[in-house]
Amino acid sequence: MRRFPHISWGYSGLALVLWVLGACAHDHRVKIAPELYVRESNVGHGLPVRVQVVDRRSHRAIYKKTSGPHLPLAGRPLNQVSIYPGTPVDDPVKEAIQTGLARLGFKPVEGERSYQRVLRVEIRLLRLFYQFENPRLKIPEKNVRLRTALDVIAQSPRQTFKRRYETQMDKSQNLLTGEFKNQQFINNGLSLTLQKMFEDPELLDFLSPKT
């Protein structure tokens, strides 16, 4: 029986496909847009709260690493996509916090004027980590871990409240993940961390007019 060598892909054919896929990789610019689910109430009784949000991350990139299985033909790693925020991270986080406070009956304020209540939130961590699983798969899967951390420093006329809110989310996904899925995963983690902050009764009691 006559054989047609061009039909048999083998190892070199698979490597060529992976090389083409790897060449298509590019940096992702994700839109940071966290969401909060806060039930409207009058806990704040119109009390002004000055809101400050500062980005203190040591890495501007949410993910930047060249690792993973190397392509035999290209001699380069398959995982080469870096992920950056498309806009400053602090602005959408600040907007979400102000919206949450307003729903609770507080009056979020800005400016240099001195107020009795100050809520300062420092973004300490928003980072993706990848760990490869079985490299023998044609398109390897990997574990994706997102770590988020917010430091809160709240001040009242006589007291100071400090606490860190953290979230760690894991999932398995294909190596070549689209920009939308990355963006959704990142915003879910950030939203969950903000949700923890707004569901902390000690923080809400500290900001309330009773303290």
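The values are calculated or read from the model by the stated rules, or taken from the named source; none is laboratory data. What you see is a predicted model, and the numbers here were worked out from it, not measured in a lab. Using ideal geometry, Cβ is built from the backbone for each residue, glycine included, and neighbour counts are taken over all protein chains shown.
Descriptive notes on the structure:
- Subset of region 129-152 (residues that are modelled with pLDDT of 80 or more, buried (at least 16 other Cβ atoms within 10 Å of the Cβ) and touching a Leu at 6+ places or on another chain (Cβ under 9 Å)): Val144, Leu146, Arg147, Thr148, Ala149, Leu150, Val152
- Some residue of region 92-106 being surrounded by 14 or more Cβ atoms within 10 Å (Cβ to Cβ), of a type in the set (Val, Ile, Thr), modelled with pLDDT under 95 and under 21 Å from Ala149 (Cβ atoms): no
- So Arg76, is it of a type in the set (Lys, Arg), modelled with pLDDT under 50 and surrounded by 13 or more Cβ atoms within 10 Å (Cβ to Cβ): yes
- Residues within region 50-67 that are more than 30 Å from Gln155 (Cβ to Cβ), surrounded by fewer than 19 Cβ atoms within 10 Å (Cβ to Cβ) and modelled with pLDDT under 90, tallied: 4
- The set of residues in region 153-209 being exposed (fewer than 14 other Cβ atoms within 10 Å of the Cβ), among the hydroxyl-bearing types (Ser, Thr, Tyr) and closer than 25 Å to His45 by Cα consists of Thr160 alone.
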